[in-house]
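Values quoted throughout were computed directly from the atomic coordinates according to the rules given, and no laboratory measurement underlies them. Note that the structure is predicted; figures quoted are calculated from it, not measured. Here the Cβ positions follow ideal geometry from the backbone for every residue, glycine too, while neighbour counts run over all protein chains shown.
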Amino acid sequence: MTFYSDIRKYFNKEIQSVDSDLKEWKDALVYDDAANIPSTLLNNRYHIEIGSWSSTPAQDLSVQDQFSVILTIFKKGFDEPQDVLDELLDKALCIKAQLINPQNVETFKQVNTSAIEAVENTSGTAGEIDSTNDNIIKIALEFNVRLYFGVIQ
């Protein structure tokens, strides 16, 4: 049986296909800022936050779960924060394109016997991690991930 942990596996796979230099920050709990990430580790990091989910009642022996996922990518701007912001936005949009590509979802689903049916981007936000310092930039992309499960009888 497949679990929601496939979401993280899929996201990691597609992020690495765009930029293998990005490293996951593996904080397990939800956070609103990056204060808990040491500044020496902030550059080229990302965090996958699997948030709330909803479920449909069983219909035709299947259930659909929909998960909210926030992918946050961090990069230091150093002396050229505007250039770094542009670079990070471009990278974030490439990652988004990989994640929502139905062919990538289908390939992952078949290879991993996964229940992931679709990944949809719902929003994105660029900003700084601290209003007093805009040299560390973050891009947050929010997704809905749909999974279909067969009902066990």
For the stretch 5-150, alpha-carbon Rg relative to the globular expectation (2.2 N^0.38 Å, N residues) | 1.11
Candidates Glu49, Glu14, Glu87, ranked by Gaussian network fluctuation over the chain, Cα under 10 Å, top entry | Glu87
Whole-Hz ³J(HN,Hα) from phi, Karplus 6.51 cos²θ - 1.76 cosθ + 1.60, for the stretch 119-125, glycine and proline x = 10, 10, 7, 9, 6, x, 9
The chain: most fluctuating residue of Asn104, Asn12, Asn112 per GNM, C-alpha cutoff 10 Å | Asn112
Give the long-range amide H neighbours of Glu24: residues separated by 5 or more places, or on another chain, with amide H under 5 Å away, using H modelled in the peptide plane at 1.01 Å from N.
-> Tyr46
So for the pair Asp83, Asn12, with labels modelled 7 Å out along Cα→Cβ, what separation do we get in nm?
-> 3.3 nm
Cα-projected label distance for Asn101 with Asp130, points at 7 Å along beta-carbon direction, nm | 3.7 nm
Extension gain Leu93-Ser54, at 0.36 nm per residue separation less the Cα-Cα distance, in nm?
-> 11.4 nm
Please report the relative contact order for the stretch 5-150, taking Cα pairs under 8 Å with a sequence separation of at least 6, and give it as a percent rounded to a whole number.
-> 26 percent
The chain: most fluctuating residue of Leu41, Leu89, Leu71 per GNM, C-alpha cutoff 10 Å | Leu41
List the residues of the stretch 12-27 whose backbone N lies under 16 Å from a point placed 7 Å from the Cα of Val111 along the Cα-to-Cβ direction.
-> 12-20
